[in-house]
Amino acid sequence: MKFKKLGNTDLDVSLICLGTMTWGTQNSEKEAFDQMDYSIDQGVNFFDTAELYSVPPTAESYGKTEAMIGNWFEKRKNRNKIILASKVAGPGLDWIRNGKKSYNEKDLAEAIDGSLKRLKTDYIDLYQLHWPERSTNTFGRREYTINKNEGDWNEFENILEALKKFIKSGKIRHIGLSNETPYGLSKYLELSKHKNLPRMVSVQNPYSLVNRTYEIGMSEISIREKCGLLVYYPLASGALSGKYRDGQMPKNARITLFKGWERMINPLAMKAYDEYYKLAKENNITMVQLAQAFVNSRPFVTSNIIGATTMDQLKENIGSIDIELSEEILEKINIIHNNNPNPAP
């Protein structure tokens with residue numbers, strides 16, 4: 001396994017992070033335990049979850065994933081071996097704090113205490129804001145138009161002031177962002193610098209061969225400010241495995257089962273998958289290995305959050321750590337990308 005510093009902290013996190021969002025919907029607790037056991041045996045020391053999980057989000061699935069992780073900690077007695085990341089949900093879901101504002105001190109306290117109880121731990125190493133309270137272009141939206149009806153949202157400084165109290169209490173150790181933009185990240189970092197407030201140490205955003213939008217405005221901030229990317233959807237919700245090529249819709253695959261990920265298999269994205277399939281085959285590696293090794297190689301990436309519903313998928317994803325892409329392959333990747341940039345943001 002390879003390791004990187006988490007932002008400007010003293011924590012060394014594995015370049016592969018175990019994603020958990022399918023546990024409770026597509027995966028049973030036993031399967032979750034098997035994934036955690038295998039991952040830790042392979043040197044993975046970084047797990048990512050959220051109060052929202054499992055996914056797709058519903059009132060019934062809320063908190064299930066954290067509870068499974070908590071049961072594993074209780075049974076294995078190894079909480080100290082894991083750097084644990086979780087997230088507080090933003091507004092918009094009726095079953096989480098009535099869908100209202102989420103990042104004021106009262107709501108943060110409720111969310112943190114709920115997560116700690118489910119996780120059966122007294123601290124969370126990295127606590128992330130799952131998505132911005134303000135209206136912005138997240139979750140695949142390319143354009144940005146100010147929503148005049150967005151309502152009130154907590155000021156950046158107030159959020160940091162509240163989080164500072166929970167860090168001081170020991171309930172959380174470090175803080176990060178998710179689904180954030182250059183505007184949001186830069187505002188948080190500037191306030192931390194000038195107001196003596198806790199600093200965001202990471203950003204969890206999507207990034208893959210078919211969604212390299214992070215490179216445009218965020219990667220420079222990540223490198224210069226030591227606030228690296230925790231990658232989610234490195235396989236474009238599984239589409240970069242090639243399993244949806246040629247009109248296939250595998251029986252138990254996420255995009256087959258659930259709504260919300262259709263953008264990953266739009267016509268332009270399908271063209272790109274065919275090109276990456278050919279490139280992988282030419283170099284005697286799988287599409288998964290190609291896609292994951294590319295993400296692993298990026299200098300602004302702190303950790304690559306892999307998700308799997310089967311042990312075979314998990315092993316292939318973690319095994320990508322041993323794949324080194326040549327300059328020739330990287331150049332061919334860039335040619336494919338330039339001919340069809342970011343088809344599945």
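Numbers for the structure displayed
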read-out: Test: residue in the range 246-262 that is at pLDDT 95 or above and either within 19 Å of G19 (Cβ to Cβ) or not in a loop (DSSP other than H, G, I, E, B) (or both); value: no
read-out: Segments classed as strands (runs of 3 or more DSSP E), wholly inside the range 1-94, with at least 1 members that are within 15 Å of the chain's Cα centre (by Cα) and in contact (Cβ under 8 Å) with a residue 24 or more places away in the chain; value: 12-14, 16-19, 46-48, 83-88
read-out: Which listed residue is at pLDDT below 95, at positive phi and small (G, A, S), from G170, G151, G217; value: G151
read-out: From the options P198, P206, residue that is crowded, with 16+ Cβ neighbours inside 10 Å and under 27 Å from M270 (Cβ atoms); value: P206
read-out: In the range 277-305, residue surrounded by the fewest Cβ atoms within 10 Å (Cβ to Cβ) [restricted to those that are more than 23 Å from the chain's Cα centre (by Cα) and within 25 Å of G247 (Cβ to Cβ)]; value: E282
read-out: For D107: the one exception among (1) within 19 Å of the chain's Cα centre (by Cα); (2) charged (D, E, K, R); (3) buried (at least 17 other Cβ atoms within 10 Å of the Cβ); value: (1)
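The values are calculated or read from the model by the stated rules, or taken from the named source; none is laboratory data. Please read all numbers here as calculations on a predicted model, not as lab measurements. Note that we place each Cβ from the backbone using ideal geometry, even for glycine, and neighbour counts take in every protein chain shown.
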